[in-house]
Amino acid sequence: MLTELKQRTIKVNKRNYTYEELATMFSKLDAEYIVSFLTNLNLRIPRALKVIAFKDALLKPVVETRKELKTVTDLKNYQLSWFRKFTEFQLEELIENDYNYKAVIDNYTSSLWVVLIDYLIQKDISEKEMNKLIKDSSGKYNKTKDIKKFNQELNQISFDIEGELDGVSLDAIRSVLYKSSVIPQIKRLGLKYGINIPKRLKKVELLNLIIEELKRTNKHTQELEQKLRKTNVIFLERYCKDNDIKASTDLKKEEIIEFILKNANSLKGVYVAPELKDVYLHEVTDFEVSKEEKVIEDYLEERIPEQVLELQQKRDELNAKYLQEVNENKKRIDELTKKNEQLASELSELKEQKTELKEDKTDEKYESLQKKTEELASELSELKGKKQESKEEKTDDKYDNLQKQNEQLSIKIDTLTHLMYLKEKQEPKVIVQEKYYETIPRENIKDATPTDTKEDTVEVVPNKGARAFIALGYILVIGAIVFILLTAYLK
């Protein structure tokens, strides 16, 4: 494939080199060096160039393999019939899994440098940089490379031109992936470009497929579309089955391919969904299928051994059982999801209401407490004033009463004192008898004849002045006690 390109020459340091000679030297360089060298030049490798290098290195071993499998009913042989259409990812897995030995790897790295040298010349690489490559590769031993690691390193600086994916055009990639790859391999291709393939289609995606099919068959109406949009996934799957629409939540191979193409960055702006499914039914035109290969293909499709039929029957039964369980689980999940959404919605509303009530109640309680505080403060001030006035009034009243009592006592004391003075002149004598007391004037004492008395019982008792003094003493003591109690009360 690269025979003509390998024989081209380039002059470096006044010496002519063929591309093949330089490529043989440069193939000693490891992937890290290549990444660093091209990064310093602000260059990246187009994936289409790597695809050319892969095919150039793998062509002979693939042809030999196909010859060996020519008369064998082998699916691998049919897949290899698409070799010339393979994408970079398919070629990477082919060399890593089936042809991972030194001769093929050396041919690949050499072919890669042939196309890279031509690419660098087109990018006007300087003679200085080319001389650096020669100098850095000279004297190095060509070690066997870890091809998987080598490919991963180079993928850091590889890119697809617009309208291509994995080094292949949008028109060609559908049929080659569909015909020559299995679903797990296609999913790994998606992961290479950061595209995670969902295990099942969502309701919206399934609905879009149904609507597209209805439009294609002129059965679409707005009323029908609105009705389908209100139904669940289980009903949509049943509708597809009843109306012979090939769509389900389980992704088919072509749907996985379209999912990758739709989400690939290099195809954004140019991707268009195919109107017909015939794009997946194209057969190879390059590296044509021989009569023997056609027989193999027919055999695989029409004359499957009985054991395979039995296995397929068991598989179909298991799939039917699995789908039934899946549908039941999906129904339960849908119900639980709806309940969960309703509960979440109600909980959210309750939280909002609770927050609003808290704010309202907080404001009302604060205002109410503020008013009560002001009222209580006012009442407390009034009570303090009244209490002070009451204390002052009570003190004044009690003081006036005491003053009056004191004046009365003073009058009584003066009166008693005067009476005592008058009585001292008369010197009365009081005879104390057993049954009664009697005061007898001095001039009448001779005539006094006490009845029922004994002479030894007659005594002189205090006169009226002395008794007045005694009464005064009692009064003063009582007054002092009253004064002390009153003083303690007022404090």
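Rule-based calculations on the coordinates, nothing more; no lab input. Small disclaimer: the values here were computed from a predicted structure and weren't measured. Reconstructed Cβ throughout: ideal geometry from the backbone, glycine too, with neighbour counts over all protein chains shown.
Length gained on full extension, Lys199 to Ile161, computed as 0.36 nm times the residue gap minus the Cα-Cα distance: 10.7 nm.
Neighbour counts of C-beta atoms inside 10 Å place Val51, Val114 in the sequence Val51, Val114, starting with the fewest. A crude spin-label estimate for the pair Val279 and Gln370, with each label 7 Å from Cα along the Cβ direction, gives 7.1 nm.
Name the shape class, rounded, prolate or oblate, that the alpha-carbon gyration tensor gives for the range 208-254, where a ≥ b ≥ c are the square roots of its eigenvalues, rounded holds for a/c under 1.5, and otherwise prolate holds if a/b is larger than b/c and oblate otherwise. Oblate is the answer for the range 208-254, as a/c is 1.5 or above yet b/c matches or exceeds a/b. Using the basic label-point model (7 angstrom from Cα toward the beta carbon), what is the Val482 to Lys230 distance in nanometres? So the two model labels end up 10.2 nm from each other.
Close amide H pairs (under 5 Å, H built 1.01 Å from N) link Asp250 with Leu201, residues at least 5 positions away or on another chain. For the range 93-198, the pair-distance distribution built from all alpha carbon pairs, in bins 10 Å wide starting at 0, is 11, 33, 35, 16, 5, 0 percent.
Cα gyration tensor of the range 123-253, axes a ≥ b ≥ c as square roots of the eigenvalues: rounded (a/c below 1.5), prolate (a/b > b/c) or oblate? It comes out prolate by the Cα gyration axes.
Full extension of the chain between Leu350 and Lys149 yields a length gain of 66.7 nm, computed as 0.36 nm times the residue separation minus the alpha carbon distance. Averaging 1/r over every pair of different alpha carbons in the range 45-134 and inverting the result gives a Kirkwood radius of 14.5 Å. Taking a ≥ b ≥ c as the square roots of the eigenvalues of the Cα gyration tensor, the range 149-226 is prolate, since a/c reaches 1.5 or more and a/b is larger than b/c. Applying 1/(1 + (r/R0)^6) with r as the Cβ-Cβ distance of Glu212 and Glu32 and R0 = 41 angstrom yields a FRET efficiency of 0.30. Rounded to whole Å, the principal axis extents of the Cα atoms in the range 1-72 read 53, 27, 20, largest first.
Sparse packing (at most 12 other Cβ atoms within 10 Å of the Cβ) combined with a DSSP loop state is found for none of the GluC sites (Glu not before Pro) in the range 1-71.
Between Val63 and Tyr101, the contour length at 0.36 nm per residue exceeds the alpha carbon distance by 12.0 nm.
When the trypsin sites (Lys or Arg not before Pro) in the range 39-130 are filtered for DSSP coil states and for at most 12 other beta-carbon atoms within 10 Å of their beta-carbon, the remaining sites are Lys123. Checking every one of the GluC sites (Glu not before Pro) in the range 103-208 against DSSP loop status and a limit of 14 other Cβ atoms within 10 Å picks out Glu162. Each residue of the range 327-343 was assigned a 3J(HN,Hα) from its phi angle through the Karplus expression (A = 6.51, B = -1.76, C = 1.60, θ = phi - 60°), giving 5, 5, 5, 5, 4, 5, 4, 4, 4, 5, 5, 4, 4, 4, 5, 4, 5 Hz with x at Gly and Pro. Distance check, please: which entries in Lys241/Lys330; Lys11/Lys148; Lys28/Lys192 exceed 29 angstrom between their Cα atoms? The pairs that break the limit, which is 29 Å between Cα atoms, are Lys11/Lys148.
Of the peptides 176-184, 105-113, 222-230, 192-200, the ranking by mean beta-carbon count within 10 Å, highest at the top, reads 105-113, 176-184, 192-200, 222-230.
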